[in-house]
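The values are calculated or read from the model by the stated rules, or taken from the named source; none is laboratory data. Only a predicted model underlies this, so the values are computations on that prediction, with no experimental measurement involved. Cβ placement follows ideal geometry from the backbone for every residue including glycine, while neighbour counts extend to all protein chains displayed.
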Amino acid sequence: MKRIVASHHPLRHAGSLKFALKGIWHAFLNEPNFRVQIIITLVAGFLGFRFNISAIEWALLVLAMGSLLSAEIINTVIEEFMDHLIKEHHEGARIIKDLSAGFVLTTSLMTLTILLLIFSKYFV
């Protein structure tokens, strides 16, 4: 029982949070697309406050923007892993990296659609 409690100690969770924040910081520093998506997220948040969007619109906005940032981080993980694992050109690695980029693209298109659905009425 003591081992279970120790594994869920708040200090251990704080350490995990530190590592997660370091990962996000790495993506911010090294991935230009992640920085662009952060800017899009901030602008969308500003517009949400500016136009006083509904709670449902906020929920969709937060889900879309969180999905977009998460997809970019997952893409970065896959690319870093493949580059570390396979140094030379490998067709299988290329396909995996292309699929990962396709995941980000589909998430970006979904996010754009949600942004247009929420904000188009304020600009038309």
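Each row is one residue, and each column tells you yes or no for (1) β-branched (Val, Ile, Thr); (2) over 26 Å from Leu61 (Cβ atoms).
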{"residue": "Met82", "(1), (2)": "no, yes"}
{"residue": "Ile86", "(1), (2)": "yes, yes"}
{"residue": "Gly102", "(1), (2)": "no, no"}
{"residue": "Thr106", "(1), (2)": "yes, no"}
{"residue": "Leu116", "(1), (2)": "no, no"}
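Scoring Leu109 on the criteria (1) surrounded by 13 or more Cβ atoms within 10 Å (Cβ to Cβ); (2) modelled with pLDDT of 95 or more; (3) out of contact with any Ser or Thr (no Cβ under 8 Å at 6 or more places or on another chain) leaves a single failure, condition (1). Residues that are loosely packed, with under 11 Cβ neighbours inside 10 Å, out of contact with any Leu (no Cβ under 9 Å at 6 or more places or on another chain) and either in contact (Cβ under 8 Å) with a residue 40 or more places away in the chain or in a helix (DSSP H, G or I) (or both): does the range 39-47 have at least one? Checked the range 39-47: at least one residue is loosely packed, with under 11 Cβ neighbours inside 10 Å, out of contact with any Leu (no Cβ under 9 Å at 6 or more places or on another chain) and either in contact (Cβ under 8 Å) with a residue 40 or more places away in the chain or in a helix (DSSP H, G or I) (or both). Considering the range 56-75, and only residues there that are under 12 Å from Ile118 (Cβ atoms) and small (Gly, Ala, Ser), the residue that is farthest from the chain's Cα centre (by Cα) turns out to be Ala59. Checked against the criteria, Ile4 does not count as among the β-branched types (Val, Ile, Thr), at pLDDT 95 or above, loosely packed, with under 15 Cβ neighbours inside 10 Å and over 17 Å from the mean Cα position of the chain (by Cα).
When you scan the range 53-76, do you find a residue that is surrounded by 13 or more Cβ atoms within 10 Å (Cβ to Cβ), in contact (Cβ under 8 Å) with a residue 40 or more places away in the chain and not in a helix (DSSP H, G or I), even just one? Checked the range 53-76: at least one residue is surrounded by 13 or more Cβ atoms within 10 Å (Cβ to Cβ), in contact (Cβ under 8 Å) with a residue 40 or more places away in the chain and not in a helix (DSSP H, G or I).
Here Lys97 passes the criteria (1) under 17 Å from Ile38 (Cα atoms); (2) out of contact with any Leu (no Cβ under 9 Å at 6 or more places or on another chain); (3) in contact (Cβ under 8 Å) with a residue 12 or more places away in the chain except the one numbered (1). In the range 86-97, the residue that is farthest from Ala64 (Cα to Cα) out of those that are surrounded by 11 or more Cβ atoms within 10 Å (Cβ to Cβ) and of a type outside the set (A, V, I, L, M) is His90.
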